[in-house]
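The values are calculated or read from the model by the stated rules, or taken from the named source; none is laboratory data. Not measured: the values here are computed from a predicted model. Methodologically, a virtual Cβ is constructed for each residue, glycine included, from the backbone with ideal geometry; neighbour enumeration extends over all protein chains shown. Surface areas here come from the heavy atoms of the whole protein model, side chains and all, with no ligands, DNA or RNA. Shrake-Rupley method; radii C 1.70, N 1.55, O 1.52, S 1.80 Å.
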Amino acid sequence: MIRIFKIALRNLMRYKRRTLLTSLLITLGLLMVILFSGLAGSFREMMIGQITDSNLAQMQIHKKGYVSSMDTSPLNLTINQKGYKTLEKMLTENPDVEAYAPRIKLGAMLSNFTETTNVRLNAIDPDKEIKVCPDVSERMKFSGSEVPDILLRPGEIIIPEKLAAGLKIKIGGSVVLVANNKDGSVNGLNFTVVGIIESILGPQGKEGYMHIKDAQSLLRMEKPEVIEIALRIKKFDKLGDVYTDLVSALAEFKNKKGKPGFEIHTWEKLSPFSNIAKMIDIMTVSMKIIMIAIVLISILNVMMMSVYERVREIGTMSAIGTAPGRIMGLFLAEGLSLGLISTLAGNIIGILGIYILNIYKIRYSFGRMDNLLLSPTISFSELVWVSATVLLVSIFATLQPAYKASRMEPVDALGHV
Amino acid sequence: MALVQIDNVSKIYQTGEMQVKALQDVTLSIDEASFVTFVGPSGSGKTTMLNLIGCLDKPTKGKVFVDKKQVDAFDRRQRAAFRGSALGFIFQAFNLFPVLTTYENVEYPLVMIKNESASERNGMVSKVLESVGMLNQKDKFPDQLSGGQKQRVAVARALVTQPKLVLADEPTANLDKKSAVNVIRLMRSMRDEFRTTFIFSTHDPGVMEEAEVVHTLEDGRLVRKK
């Protein structure tokens, strides 16, 4: 076997320029895939991390029908205390769930006593919220440089940067929130602004935070109710499996009409970024298909030329008794060696490229988020997958020329001019 | 039984609508350890005869026996295996593998066909290279050798598997007169040393004289045996 590869390598070196050019082409294809996967993958992971860890959470449970009418922030589709307790028990018992947090989402009018504007609010339980969205405070500014131990206390509010600027409200200032409850009655409460939040992906940058108890008071809930339960699981890569488990578990909770009482959605169903993520995936797959085409065409071309140029040599091999399988093996080894050399070069240059990109720290803006740091990485499994693909395609591309060589009749091949 | 037995063999090539009768009803036998040549003008059927004996081609009619085996009945794989085990070939254009050194060219059949161990290979290759006087050139590639030296390496490659029969199609055609005679004498001395039967074809009267048996072919028919 070693001898076959030694002969194959020497045959490749016979046509140095051709081998170099083909190898360069495959290396470039591989490099393109590694760099694109590294950049696009890290952008995707980072954005998903931003969305799930600072705002949306990985999954959300609502009363059935809430998500389809989410834009109007309906207050009649709440989960009552009994429902919440039931769900809490189910989530506590699930070993894959790391944390959960109740939320109320509401629209209100925010006034600085001279001017008024509308605002969307996330009413949270700060202790639980920080466990579900550990980066929730990352884009918030407080009076000091440090994030306070307790993000929010009852009577406090964190308002969006745009509103703070528009209404000239500073940290420590007072505001009034006025909201309608589900029955249509109006209520108002005073709050102290304890923080300002940079826009993430909220609609028009008008999404603030308040304590869940304040929201329950503002909305005059007689018994505590929640709108959604945000979830964080232990292993994000098992999101699909955990989601399926939870869907089955939730299906057992029926409403009075005997229909499912709750619904659960992953971040993908809740954020428009999932479409961008899917496009990134499609583009990555497209790059891989282009790479496969490059490898296939270039190796097929080189190996076909190699066979046509060496017909007499193949005739000699066959005449002196080399078995057809051995001749085929010799050409397959040539194609595989070409793929192997290119794969090694592509991997080395690709990893080096990613290392250099990390040294130069690429920063970018997305939506209203600025100064995001891109840290391209590529996993070992991705490298193995891409490399294995190149090697398999190399073998596949060599099969036809190698088979042709092995089937040559020595008497015809020896007489070839 | 002779080492090679040709019984009433004909070979017809179809070229479009034209039929070319390369060999017509040839019958002959060749003894073991003999030094035989086929002579005749171009197109007389010398190469076809060597191809049939060498299991490179099949007759249209008749039977070919080599080493008591009816080789014309072999399938593709059996013919390849038989060529590897019982036959050696020397070609007009030497046909050495350009990427292999002298040593590796001679070693090739032992690696790719016989699967001999490294120590056995080393002994066999060194012995045969010494016999043809090329051991001191063992690390050179074919393009570093003269025509006569290349053909010596080809002789060594043909003999290294210790075949019963070596076939050489015009082995001296690409050599000058002196080298041609030297190669034929080398082949003859190898026959003496290894008791291998040599069958070759030639145009060259000087080379013909070195053969013990001369078969003359004309228009695909065997016209004379000397």
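Using DSSP, restrict attention to beta bridges with both residues in the protein assembly as shown and report what percent are antiparallel, rounded to the nearest 5.
Bridges in the protein assembly as shown that DSSP calls antiparallel: roughly 70 percent.
Roughly speaking, what is the centre-to-centre gap between region A:62-91 and region B:26-89 when only Cα atoms are used, to the nearest Å?
Each part's Cα centre sits 90 Å from the other's.
May I ask you to list the GluC sites (Glu not before Pro) in region A:220-325 that are in a DSSP loop and have at most 16 other Cβ atoms within 10 Å of their Cβ? Present the calculation step by step, with values, prior to reporting the outcome.
Details: sites: A:222, A:225, A:228, A:252, A:263, A:268, A:309, A:313; in loops: A:222, A:225, A:252.
In loop regions of region A:220-325 (DSSP not H, G, I, E or B), the sparsely surrounded GluC sites (Glu not before Pro) are A:222, A:252.
Only helices at least 20 Å long along their own axis, judged from Cα atoms, and with Kyte-Doolittle mean hydropathy of -0.5 or greater: name those in chain A from DSSP H. Provide the component values of the computation, followed by the final result.
Working: long enough: A:16-54 (55 Å, 0.87); A:273-309 (54 Å, 1.56); A:324-359 (52 Å, 1.44); A:380-406 (37 Å, 1.11).
The qualifying helices are A:16-54, A:273-309, A:324-359, A:380-406.
Could you tell me the center-to-center distance, by alpha carbons, between region A:92-149 and region A:228-276 in angstrom?
Here the two parts' Cα centres lie 21 Å apart.
Rg(Cα) of region B:98-226 divided by 2.2 N^0.38 Å?
1.11
Taking the full set of protein chains and a 1.4 angstrom probe, give the accessible area of residue B:39 in square angstrom, rounded to the nearest 10.
Result for residue B:39: roughly 10 Å² accessible.
For chain B, take the longest principal axis of its alpha carbons; what is the angle in degrees between that and the long axis of helix B:147-159, to the nearest 10 within 0 to 90?
The helix B:147-159 is inclined about 80 degrees to chain B.
Want the number for residue A:18 to residue A:113: 0.36 nm per residue separation, take away the alpha-carbon distance, what's left? It would help to have the intermediate numbers written out before the result.
Values: separation 95, 0.36 × 95 = 34.20 nm, distance 7.82 nm.
Full extension from residue A:18 to residue A:113 adds 26.4 nm.
Using a Förster distance of 51 angstrom, determine the FRET efficiency expected from the C-beta separation of residue A:308 and residue A:72, and round it to 0.05.
According to the calculation, E is roughly 0.10.
Rounded, prolate or oblate for region B:167-220? Axes are the square roots of the Cα gyration tensor eigenvalues, ordered a ≥ b ≥ c, and the cut-off for rounded is a/c under 1.5.
Numbers: a/c = 1.94, a/b = 1.19, b/c = 1.63.
Oblate, because a/c is 1.5 or more while a/b does not exceed b/c.
From the mean inverse distance of alpha carbon pairs (Kirkwood) and the Cα radius of gyration, derive Rg over Rh for region B:99-152.
Rounded to two decimals, Rg/Rh equals 0.96.
What total accessible area, in Å², is buried where chains A and B meet, using a 1.4 Å probe and rounding to the nearest 100?
Details: alone 21530 and 10920 Å², together 30020 Å².
Approximately 2400 Å² gets buried when A meets B.
Over chain B, what is the relative contact order in whole percent, taking alpha-carbon pairs under 8 Å and six or more residues apart?
Taking the mean separation of contacting Cα pairs over the length of chain B, I get 29 percent.
Determine the order of A:1, A:109, A:287 by accessible area, beginning with the largest, at a probe radius of 1.4 Å. Walk me through the intermediate numbers first.
Numbers: A:1 160, A:109 85, A:287 40 Å².
The ordering from most to least exposed comes out as A:1, A:109, A:287.
Report which residues of region A:10-48 become buried by 30 Å² or more of accessible surface when going from the isolated chain to the complete set of protein chains (1.4 Å probe; DNA, RNA and ligands ignored).
A:10, A:14
Find, to one decimal place in angstroms, the Kirkwood hydrodynamic radius of region A:305-417, where the mean of 1/r is taken over every pair of different Cα atoms and then inverted.
17.3
Points 7 angstrom from Cα along the Cβ direction at residue A:185 and residue A:290: gap in nanometres?
Taking the two extended label points, one gets 6.3 nm.
At a 1.4 Å probe, what is the % contribution of carbon and sulfur to the accessible area of region A:57-270? Mind dumping the intermediate values first?
Details: 5220 of 10620 Å².
Heavy-atom surface of region A:57-270 belonging to carbon and sulfur, 1.4 Å probe: 49 percent.
Which one of A:333, A:323, A:397 has the biggest mean-square fluctuation once chain A is modelled by GNM with Cα springs under 10 Å?
The residue with the greatest mean-square fluctuation here is A:323.
Which of the residues in region B:52-82 show a loss of at least 10 Å² in accessible area from their chain by itself to the complete set of protein chains, at a probe of 1.4 Å?
Residues losing area: B:56, B:57, B:76, B:77, B:79, B:80.
Starting from 0.36 nm per residue, how many nanometres of slack lie between residue B:162 and residue B:85 once their C-alpha separation is accounted for? Each step should come with its number before you reach the end.
On the way: separation 77, 0.36 × 77 = 27.72 nm, distance 0.84 nm.
This chain segment gains 26.9 nm when fully extended.
Setting aside same-chain residues fewer than 8 positions from residue B:150, which lysines have a Cα under 30 Å from its Cα?
A:6, A:16, A:404, B:46, B:58, B:114, B:127, B:138, B:140, B:164, B:177, B:178
What is the pair-distance distribution P(r) of the protein assembly as shown, computed from all Cα-Cα distances in 20 Å bins starting at 0, with each bin given as a whole percent?
Taking every Cα pair in the protein assembly as shown, the percentages come to 16, 30, 17, 15, 16, 7, 0.
Can you give the accessible area of residue A:403 in Å² (nearest 10), computed on protein heavy atoms with a 1.4 Å probe?
130
Using the heavy atoms of the protein chains and a 1.4 angstrom probe, tell me the accessible area per residue for region A:57-270 in square angstrom.
Accessible surface, normalised per residue, equals 50 Å².
Number of Lys pairs in region A:226-272 with C-alpha atoms less than 25 angstrom apart, excluding same-chain neighbours closer than eight positions?
For region A:226-272, qualifying lysine pairs total 5.
Run the quick spin-label model on residue A:274 and residue B:78: label points 7 Å from Cα toward the beta carbon, then report their separation in nm to one decimal.
In this crude label model, residue A:274 to residue B:78 measures out at 6.7 nm.
Check the straight Cα-Cα distances from residue A:182 and name the lysines below 20 Å, setting aside those fewer than 8 residues away within the same chain.
A:63, A:64, A:82, A:105, A:213, A:223
Can you pull the mean other chain C-beta count within 10 Å for peptide A:321-332?
4
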